[in-house]
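Asks: Before I ask anything, here is the structure I am working with.
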Amino acid sequence: MTYFVIAAATLSVLPVLVLQGRTLAHCAATELSLAAIASVCWWHFSPRVEPRLAAVTFCALLLTVLMLFIARGVEVRWSAGRAAMVALIVYGLCVPAMLLTPIDGDEPYYLLLTDSLLHDRDLDLRNQYRSREMAVTGRADLQAMPGDPIGPNGEQYSRHEPFLPALMLPGYAVAGLPGALATIVIFGGLLVRSTIRMLEDEGIDDATTRSVFAFVALGPPLLFYAVRIWPEVPAAWCFVEAIRGIRQRRSGRWVTPLLALVLLKLRFVLVGLVLVLRSRRSWLAVLLLIPMAVFWLVSGSASSVHTWRELLPGVPIAYLHGLLGLLIDGMAGIAFQAPFYLLGILALTRWRSMPESFRIGCVASSLYILYLIPRAEWHGGWSPPLRYITFLMPVLALGAAALLEETVAARAWLAPIAIATFALVVHGVTYPWRLFHIANGENPAGEALSLLYRSDFSRLFPSLIRPNLAALYGGIALAVILIVVATRRVAWPAPFVAPLLAIIFALGFSAGTRPAARIEFEDAHVGHDGGQLYPEEYTISRFLYTGGWDVGPGDSLSFLARKGPSTLRYSSTTGATMELAGRAYPLSPSSHGMVRVELPRSGRVTLRMLDGHVVLDRMDHD
Amino acid sequence: MTWLIASAASMWACSAVLSGATPIDRALPLLAAVATILAWSADEAAIAIAVPLLMIFEVSVADEQTRLLLIGFVMAVCFAASLARAANHYVLAVLALVVLRWIPLHSVVVWRELVLVGAVVILIATQPKRTPLSFVAAVALAFVTPAAPTRALLTPLAVAVLQPIRFPAALILSAIAFFARPSIAELCLVSAFFLITPLFRSRLAEAPFLLAAALVMALFPWSGAVARGPAFLLSLPDRSPRQNIGIALAPSESVVIDLPRGTRRLVISGATVTHLKKGRLLGVVEPVLDVRRAGGSPPAAIAIRVGDAADWGYMRREQWFRSRNPFPRRPAGSLHDYGQDAWVDGAGLIELPAGVTRVRVTANARLSAGARLQIEGSE
């Protein structure tokens, strides 16, 4: 409650920083009205809403009102510095929300490295992996990751580059974990400032810059990475500064950020290489060896855990798979996790008219993207969405801003994008643990609807993690849209934007309530009475496994299924017997077993295990 | 034509996702049409984004009250945005009345509502200056005007005629409100407010009323209760756990009730007492002391009057205009129905002395034959 009051009060006062005169008065009046209406409704009706969700939604609404006035107001005190201040304050308010659960993914390892630098003056984490030292992370289960470098004397090094921990050192020394997070928040503020300056440098007008500010600074993925311990936001800042330096043709301006970029994460050497080659000072490429030398000195391996084999081309279909995934995957794609940047993708079709910085940024990242997309972990692994391309978001924001200036039709889509962004932010701040998804082909929205209606809604969202039909249709739709935007032959009238979305939603809802052709037994819509997830939730690289539901005698599953013949896939070492729709089916031992089942009618059916153990994978209607 | 197609498509889409059981849910296609027309009127396509938003709330929010509140909030934002964009006041007023008065559709007497629509158009046309506040005042007057009896329908037209002598008329109407029954008093006060809106020169002075209008629109799922009992919005909601009793006493009838330990209040209402004015005696509550513990003077009997409680259905659409019961001093009523049919029952709280475990409740013998004193429960 105290945190909510502080957050609401701070957000209420924030308009003073950027607005003045009548615009400030109107903004304040609107926020007061909102507060009054919300209070009366809450007081009288006591809606059955989680208090935390209600509080975050209210604060997000206050922020939305401010952003609307910044975008459309007349008396706005606008500058890159003020924009950064607003972002800093919001990030600072979000940090306590993120600390509701212990830090996760790579975060605790970065913190352990910082702790080791501070207390031990080394990068050997052997003592940090003991429980006592791990208390600072809030985690007691940390172990060295498989493949982490081991020193000649048995030192346990981390695969993660030590530059970020070095940057967090002062903050961590002063205030521990919150201090480390404050360092990242500061980089977030710097990134916002640099991004706004980049937009201004490229001639994007003030009104457009103010319109896109909220999406970039306070929307995913930058918001979530600016309040957690990941190198993505510092890397994005370095990338933007490097691009700005190249644009200004001042090598002293961009060499340092470029070096810092590669020191933050070795994978960015692919970006640095292209930037350097493009700068017509190719000899500066030797500077990129400096970070590799640092890694070699620290861990004995110049490429950390990377090998030269990663430079070999992958299978062709993997490229399409990963690229589409980054664009349209329901859990890890731009379309559903940061929809604003779809405009940046569409801006690629107007290449020649796009600002120079946009083109530099896209070309510089092309080699990196080329090597990212065929990897199994293109979606980021155990991290908030869009991890590996977060550094590119400011560049895409520039493209989006340029597109908004060029075409009226693009502006008509800002309203639905704003709604989606609002929902994503509220969801991520209220349930920060849900930013980490087990990458099983589902997504939070699909899972929520599936649980509510006990029907498979996740299949309606494209998934390239567990490829589905929606991904095929989504890919085709995206291709059509790109062609239409590129040729400029058709402009979708603004009045049809909302009805189009409404129709898509209606059709989707109607389809979602009907039984699916494929039932994945681990999915949210399946009612599980007994049994457990296989492999278990926190298995490393779980997305590489064929998941399922591990059941034994007495366990049952219920789900909506279609009438007629279906093929059920399973794996069992001992064999098992199950009952489905009144018939018993023996399951012989097999690692890739299949059994044909027959359902007399469509509707909800219950599968019961009579004996034996089996991992049920999925059931496909013939 | 574009907007017409957009509206039709939005209505069809909303009809495909109806899952809630209330009249507000069933009116989703109508709300979609209203949102689209608002967007057209304000020349701001972004307002129509309310349509997919309404659909998302309809399918994803299972709790009824939360869902209806969110739907109300979306419509309030649509209207506020349209007003801010200086949309046509006539169009806005008609749409506002459709949302506030035409749901549920089956309760609508079309010709009466059309008369009110005509009246609000005349009110807006005769206003000396069109401002957001004057628009709100015109709609408010049409909003609180009962559709029956027919003479009540003439109120907005009468107010339009009074505009040349607005300030004296406002004073007289305010004076009448002091003495009149609640329904008439409400009409008089809102009419007086409409007449004095030209006095408001600054946005600061207008702000509270615009806020109230936004709140009313946000609560359109229960617009009837808001129109007939706005005081319920200002009252403290009663959330104490209630033990149901459910006894109705005829005039002079009496009953002794054993109460659970810790009972502090009785929940009382009346039946067939809408004609009674404030202060009229409905009955008495006499705490009955335990003989073994008797000592000292017994607690005094507590009078139950109109004003402590009201007729259970006094706020219903068909009873409201003739009702003389005021809103209970300490309301304990629940919200019933939806839209323009919504009402709050007239239950009120009667405070009991501490430690009372048995009471005798007696209905006033002078109540009319059909009247009842209802003991709803205890808290």
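The values are calculated or read from the model by the stated rules, or taken from the named source; none is laboratory data. Remember, predicted model here, so these are calculated numbers, not experimental data. Don't worry about glycine lacking a Cβ; one is built from the backbone with ideal geometry, like all the others, and counts go over all protein chains shown. Only protein heavy atoms, including side chains, enter the accessible area calculation; ligands, DNA and RNA are left aside. Shrake-Rupley method; radii C 1.70, N 1.55, O 1.52, S 1.80 Å.
Asks: Output the residues belonging to the stretch A:201-218 that are part of a helix (DSSP H, G or I), open to solvent by 10 Å² or more (accessible area, probe 1.4 Å) and under 16 Å from A:A87 (Cβ atoms).
Replies: Correct list: A:R210, A:S211, A:A214, A:F215, A:V216.
Asks: When the stretch A:482-539 is examined, which residues are found to be surrounded by fewer than 18 Cβ atoms within 10 Å (Cβ to Cβ), of a type in the set (S, T, Y) and away from every other protein chain (no Cβ under 14 Å)?
Replies: A:T487, A:Y538, A:T539
Asks: Follow-up. Determine, yes or no, whether B:I49 is facing chain A (nearest Cβ under 8 Å), in a helix (DSSP H, G or I) and either of a type in the set (S, T, N, Q) or open to solvent by less than 40 Å² (accessible area, probe 1.4 Å) (or both).
Replies: The answer is yes for B:I49.
Asks: Still on this structure: If you scan the stretch A:540-589, which residues turn out to be closer than 24 Å to A:D622 by Cβ, in contact (Cβ under 8 Å) with a residue 24 or more places away in the chain and aromatic (F, W, Y)?
Replies: Selection gives A:W549, A:F559, A:Y570.
Asks: May I ask you to list pairs of residues, at least six apart or on different chains, whose Cβ atoms are under 6 Å apart, with the first in the stretch A:28-53 being at pLDDT below 85 and the second being open to solvent by 50 Å² or more (accessible area, probe 1.4 Å)?
Replies: Listed pairs, sorted by first residue: A:F45/B:Q65; A:P47/B:Q65.
Asks: Within the stretch B:365-374, can you find the residues that are buried (at least 20 other Cβ atoms within 10 Å of the Cβ) and in contact with a Pro (Cβ under 7 Å, 6 or more places away or on another chain)?
Replies: Passing the criteria: B:L367, B:A371.
Asks: I want to confirm something. Restricting to the stretch A:43-72 and keeping residues that are touching a Lys or Arg at 6+ places or on another chain (Cβ under 8 Å) and crowded, with 17+ Cβ neighbours inside 10 Å, which single residue is farthest from the other protein chains (Cβ to nearest Cβ)?
Replies: A:I70
Asks: Mind counting the residues in the stretch A:494-520 that are closer than 13 Å to A:S458 by Cβ and either free of Cβ contacts under 8 Å to residues at least 40 places away in the same chain or not charged (D, E, K, R) (or both)?
Replies: 5
Asks: In addition: Which of (1) within 26 Å of A:L289 (Cβ to Cβ); (2) in contact (Cβ under 8 Å) with a residue 60 or more places away in the chain; (3) out of contact with any helix residue (DSSP H, G or I) (no Cβ under 8 Å at 6 or more places or on another chain) does A:R250 not meet, given it meets every other one?
Replies: (2)
Asks: Which is at pLDDT 95 or above and either open to solvent by less than 20 Å² (accessible area, probe 1.4 Å) or out of contact with any helix residue (DSSP H, G or I) (no Cβ under 8 Å at 6 or more places or on another chain) (or both), of B:L114, B:L100?
Replies: B:L100
Asks: Can you tell me how many residues within the stretch B:8-45 are surrounded by fewer than 20 Cβ atoms within 10 Å (Cβ to Cβ) and within 7 Å of chain A (Cβ to nearest Cβ)?
Replies: 1
Asks: Taking into account only those residues within the stretch A:397-411 that are aliphatic (A, V, I, L, M) and over 12 Å from A:P355 (Cβ atoms), which is farthest from the chain's Cα centre (by Cα)?
Replies: A:V408
Asks: Further, regarding this structure: Could you run through the stretch B:139-196 and say how many residues are open to solvent by 10 Å² or more (accessible area, probe 1.4 Å) and hydroxyl-bearing (S, T, Y)?
Replies: Summing the residues that are open to solvent by 10 Å² or more (accessible area, probe 1.4 Å) and hydroxyl-bearing (S, T, Y) in the stretch B:139-196 gives 3.
Asks: Can you give me the ranges of the helices (runs of 4 or more DSSP H) entirely in the stretch A:442-518 with at least 2 residues that are modelled with pLDDT under 90?
Replies: A:469-487
Asks: Just to be sure, is A:R77 more than 14 Å from chain B (Cβ to nearest Cβ) and either hydrophobic (A, V, I, L, M, F, W, C) or open to solvent by 30 Å² or more (accessible area, probe 1.4 Å) (or both)?
Replies: yes
Residue by residue, here is whether (1) touching a strand residue (DSSP E or B) at 6+ places or on another chain (Cβ under 7 Å); (2) among the acidic types (D, E); (3) surrounded by 23 or more Cβ atoms within 10 Å (Cβ to Cβ) holds:
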| position | (1), (2), (3) |
| --- | --- |
| B:Y314 | no, no, yes |
| B:F321 | no, no, no |
| B:A332 | yes, no, yes |
| B:L335 | yes, no, no |
| B:W343 | yes, no, yes |
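Asks: Collect the residues in the stretch B:280-310 that are open to solvent by 10 Å² or more (accessible area, probe 1.4 Å), over 14 Å from B:T362 (Cα atoms) and modelled with pLDDT of 90 or more, keeping them in residue-number order.
Replies: B:R280, B:D308
Asks: Considering the stretch B:52-85 alone, what residues qualify as being outside any helix (DSSP H, G or I) and either open to solvent by less than 20 Å² (accessible area, probe 1.4 Å) or among the aliphatic types (A, V, I, L, M) (or both)?
Replies: The answer is B:V61, B:A62.
Asks: Oh, and also: For the stretch A:390-419, enumerate the residues that are out of contact with any Phe, Trp or Tyr (no Cβ under 8 Å at 6 or more places or on another chain) and assigned to a helix (DSSP H, G or I).
Replies: Matches in the stretch A:390-419: A:A401, A:L403, A:L404, A:E405, A:E406, A:V408, A:A410, A:R411, A:L414, A:A415, A:P416, A:I419.
Asks: Here is a further query. Looking at the stretch B:147-165, is at least one residue touching a Phe, Trp or Tyr at 6+ places or on another chain (Cβ under 8 Å) and not in a helix (DSSP H, G or I)?
Replies: Looking for residues that are touching a Phe, Trp or Tyr at 6+ places or on another chain (Cβ under 8 Å) and not in a helix (DSSP H, G or I), one finds at least one in the stretch B:147-165, hence yes.
Asks: Within the set of pairs 6 or more residues apart or between chains, which connect a residue that is of a type in the set (A, V, I, L, M) inside the stretch A:260-289 to a residue that is outside any helix (DSSP H, G or I) with Cβ atoms less than 6 Å apart?
Replies: Close Cβ pairs (under 6 Å, with a partner that is outside any helix (DSSP H, G or I)) amount to A:L264/A:P231; A:L266/A:S304.
Asks: So, in the stretch A:156-182, of the ones that are open to solvent by 30 Å² or more (accessible area, probe 1.4 Å) and assigned to a loop (DSSP other than H, G, I, E, B), which residue ends up modelled with the highest pLDDT?
Replies: A:R159
Asks: Right, next: Name the single residue that is least open to solvent (accessible area, probe 1.4 Å) among those in the stretch B:229-249 being over 30 Å from B:V190 (Cα atoms) and hydrophobic (A, V, I, L, M, F, W, C).
Replies: B:L249
Asks: Then there's this: Do we find a residue being open to solvent by 20 Å² or more (accessible area, probe 1.4 Å), in contact (Cβ under 8 Å) with a residue 24 or more places away in the chain, within 14 Å of another protein chain (Cβ to nearest Cβ) and out of contact with any Lys or Arg (no Cβ under 7 Å at 6 or more places or on another chain) anywhere in the stretch A:467-478?
Replies: Scanning the stretch A:467-478 turns up no residue that is open to solvent by 20 Å² or more (accessible area, probe 1.4 Å), in contact (Cβ under 8 Å) with a residue 24 or more places away in the chain, within 14 Å of another protein chain (Cβ to nearest Cβ) and out of contact with any Lys or Arg (no Cβ under 7 Å at 6 or more places or on another chain).
Listed here are the residues, each with its yes/no results for (1) in contact (Cβ under 8 Å) with a residue 60 or more places away in the chain; (2) more than 21 Å from A:I186 (Cβ to Cβ).
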| residue | (1), (2) |
| --- | --- |
| A:C59 | no, yes |
| A:V65 | no, yes |
| A:I70 | yes, yes |
| A:V74 | no, yes |
| A:T114 | yes, no |
| A:R121 | no, yes |
| A:L125 | no, yes |
| A:P146 | yes, yes |
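Asks: Another one. Which of the numbered conditions does B:I247 fail, given that it passes all the others? Conditions: (1) outside any loop (DSSP other than H, G, I, E, B); (2) within 14 Å of another protein chain (Cβ to nearest Cβ).
Replies: Against the list (1) outside any loop (DSSP other than H, G, I, E, B); (2) within 14 Å of another protein chain (Cβ to nearest Cβ), B:I247 comes up short only on (2).
Asks: Next question. Taking the stretch B:202-244 as the region of interest, how many residues are within 14 Å of chain A (Cβ to nearest Cβ) and touching a strand residue (DSSP E or B) at 6+ places or on another chain (Cβ under 9 Å)?
Replies: 10
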